[in-house]
1. With the requirement that a residue be within 12 Å of Asp155 (Cβ to Cβ) and of a type outside the set (Val, Ile, Thr), what does the stretch 359-376 give you?
2. Determine which single condition Ala326 fails, assuming it passes every other condition in (1) away from ligand 2 (no atom under 15 Å from the Cβ); (2) not in a helix (DSSP H, G or I).
3. Do you know which residues across the stretch 344-367 are more than 16 Å from ligand 1 (Cβ to nearest atom) and either under 24 Å from Gln297 (Cα atoms) or touching a helix residue (DSSP H, G or I) at 6+ places or on another chain (Cβ under 7 Å) (or both)?
4. Among the residues of the stretch 265-283, is there at least one that is among the aromatic types (Phe, Trp, Tyr) and either within 16 Å of ligand 1 (Cβ to nearest atom) or within 27 Å of Asn356 (Cβ to Cβ) (or both)?
5. Would you say Phe320 is more than 16 Å from ligand 2 (Cβ to nearest atom), aromatic (Phe, Trp, Tyr) and in a loop (DSSP other than H, G, I, E, B)?
6. Against the conditions (1) within 22 Å of Lys166 (Cβ to Cβ); (2) within 16 Å of ligand 2 (Cβ to nearest atom); (3) assigned to a loop (DSSP other than H, G, I, E, B), where does Ser354 fall short? Just the number, please.
7. Kindly evaluate Val286 against the criterion of being outside any loop (DSSP other than H, G, I, E, B) and either within 16 Å of ligand 2 (Cβ to nearest atom) or more than 29 Å from Glu483 (Cα to Cα) (or both).
8. Testing Leu375 on (1) assigned to a helix (DSSP H, G or I); (2) within 16 Å of ligand 1 (Cβ to nearest atom); (3) in contact with a strand residue (DSSP E or B) (Cβ under 6 Å, 6 or more places away or on another chain), one condition comes back false. Which one is that?
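Quick note: the coordinates plus some simple rules give every number you see, no bench work behind them. Predicted model, so just to flag it, every value in this text is computed and none were measured. Neighbour counts run over all protein chains shown; Cβ positions are idealised from the backbone, glycine included.
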Amino acid sequence: MNLWQRFRAAAAKVAATKPTAGVATKPPAPHLTSSSPSPSAPSAASQPATVAAVERPDPTPLAPLAAIATEIDQTQVQPLAARLHEPQELPTTRDANVNLTCPNTHTDTESATMFARTSTLAAPAAALRASRTFATTVPRAAGQEYTIPLKSTFDLHLIDPEQGPKSSVTISQSALMQMYKDMVLMRRMETAADALYKQKMIRGFCHLNIGQEAVSVGIEHALTKDDAIITAYRCHGFAMMRGGSVMSILAELMGRKDGITKGKGGSMHMFSHNFYGGNGIVGAQVPVGAGIAFAQQYLAHKNCTISLYGDGAANQGQIFEAYNMAKLWNLPVIFACENNRYGMGTAAHRAAASTNYFTRGDFVPGVRINGMDVLAVYEATRWGKEYTVEKNAGPLVYEFATYRYGGHSMSDPGTTYRTREEIQHMRSTRDPIMGLKNVVLEVEAATEAELKAIDKEAKEAVDKAVEEAKASPEPAMEELWTEIYVKGSEVPSLRGLTADEVHRF
Ligand SMILES: Cc1ncc(C[n+]2csc(CCOP(=O)(O)OP(=O)(O)O)c2C)c(N)n1
Ligand SMILES: [Mg+2]
C-alpha cells in the first residue's frame, strides 16, 4: 500500500469512527499538516474562524492520519514545490528510460536525464584519445568512413529498441567535418546578429539559437533538399542549413534588399527551397507541416517533413489534432519538439502536465534525443526518414532535449527565471560544438590546428558577410506590393495603410 492509499484507508477509518458535520470532519489535506503550506491551497491560518468552533472528532484516530499526511508532505509535496523554483540537477538513470508504453506519471527531470546520460563534453581531448574505445589507424581522407559509438542514448515510446535508431553512426570524414563547420559558422553568425542588434542595426524581434545548433545541423545532414522543414520563429540556423547564405540571413535581420526574404520578413520569416519558415505564431506551423507531408504522400514523393515546435507550443490543441490526422493518414512527418526547457520565461515543467514530449503523441511512436549531440540528432533523423518514407510506417514524435544559452529574444536577458550557474553548467559540459570537437579529435578526423583554422575561417566569412549585409540597401518601396499573391493570381488592386493608398497590378 502506498502512502496515499494508507492515508485514504486511515481517513475512512476516522470517518467511520465518528461521523460529525462541518469542515473539521473531513480528513485534513496533507498540506495543512505541513509547516510550509503549499501555495496552491489555503493555509491553516486562512481557514475561517468557525472551524475552531466545529465539533472535532476524537484526536486518537486522527493521530495516524496526521502522521501519514506529514510523511506524504515531506516525501512528495515539499520536494515537488521546491523543484518549481530550483534548476534541476541532472540525475543519472539509464535503461529505465526506454519506454514501450506511455507513462502517465509526470516527472519534470525527464529531459534533464537525457543530458546526464551523455558523457561530459568538456573532457580534454588528450584524455579522450587515451581512453578511446575505437581505433582509426587508416590515414584520414575525405571519403573515409567512421563508425562512431554515440555518447548518448535514445528514449523510445512504442518502438522496439531492436528496431529503433542505432547506437552508433557511420559517417564520412567530410560529412563529420562539414557538421563541425556548419555549427561553428552558425554560432558565429548568431553572435554577429547579437552584436548587430546591440548596435541597433537590427531592430524588432530577434531570436537567436546559440546552444541549439546541433538540432538544425544534425537534421539537415540526414535529409536531402527534397525533404521539407518547417519551424517556429527561432529559425536562422534552419534557414542557413536549408541553403541561405550568412549574408542573406544577416541582411534579412537588418531589413535589407539582399535579405533571404528581400528584407521584408526579418528574424521570424525566412524561407528557402523546401523550407517553409520561420513562423511567428506559436504552434501554427505544426499542422502546416502535416499538410506538407500530406502533399508529399499525395504526389508520391519519397520524402518526409520535419515539423518543429518548442516545448512552449507542445501543449496546444492543434498539435494533437495534427498528430491525429497524421496517424490516421499515415503521413511521412516527424513532429519534433525542441525542448530547450523554457517557453519564454516559463520552465517546461510549470506549463506541461507531462514533459515527456516524445510520448505525447499517445498512439504515435516517439523518440527522445539528446539535442546537444549532433551525431545523435543525425542518427535519429536518418532512422526517422527511413521509418516514415521507406517503411511507410507513419508519423513520429521526436523530442530534442536542448538548451538555449541566450534569452528568449534579444529583449530578454535570460537570467531572471534561471540561474547563471545553470547556463554556465550547460555551456561548459554540454556544448554541441565542444562535443563534436572532442569526437573529431578522438577519431583523429582532424587535428586541433585544423579545427582552429576552421574557426578562423568561419570568423572571417561572417565578418565579410556582415560588411556585405550592411552595404545592402533597404528594399525599394514597390516591394511593399510584391509577394502577396502567387504570380498570376493577383487581385486587380490592393489597398494600403490608408484608403487613398491603392496599388494596381
Ligand atoms: C499563438 C501565440 N501565442 C503567444 C505568442 C507569444 N510567444 C512568443 S514565443 C512564446 C513561447 C514559445 O516557447 P517555445 O515554444 O518553448 O519556443 P522557444 O522560444 O523556447 O524556442 C510565446 C508564448 C505567440 N507568438 N503566438
Ligand atoms: Mg522552449
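1. Selection gives Pro365, Gly366, Arg368, Asn370, Ala376.
2. Going through the list (1) away from ligand 2 (no atom under 15 Å from the Cβ); (2) not in a helix (DSSP H, G or I), Ala326 breaks only (2).
3. Residues of the stretch 344-367 more than 16 Å from ligand 1 (Cβ to nearest atom): 359, 361-367.
Correct list: Gly361, Asp362, Phe363, Val364, Pro365, Gly366, Val367.
4. no
5. When the stated conditions are applied, Phe320 does not pass them.
6. Only one criterion is unmet by Ser354, namely (1).
7. Spelling it out, Val286 is indeed outside any loop (DSSP other than H, G, I, E, B) and either within 16 Å of ligand 2 (Cβ to nearest atom) or more than 29 Å from Glu483 (Cα to Cα) (or both).
8. Evaluating Leu375 over (1) assigned to a helix (DSSP H, G or I); (2) within 16 Å of ligand 1 (Cβ to nearest atom); (3) in contact with a strand residue (DSSP E or B) (Cβ under 6 Å, 6 or more places away or on another chain) leaves (2) as the failure.
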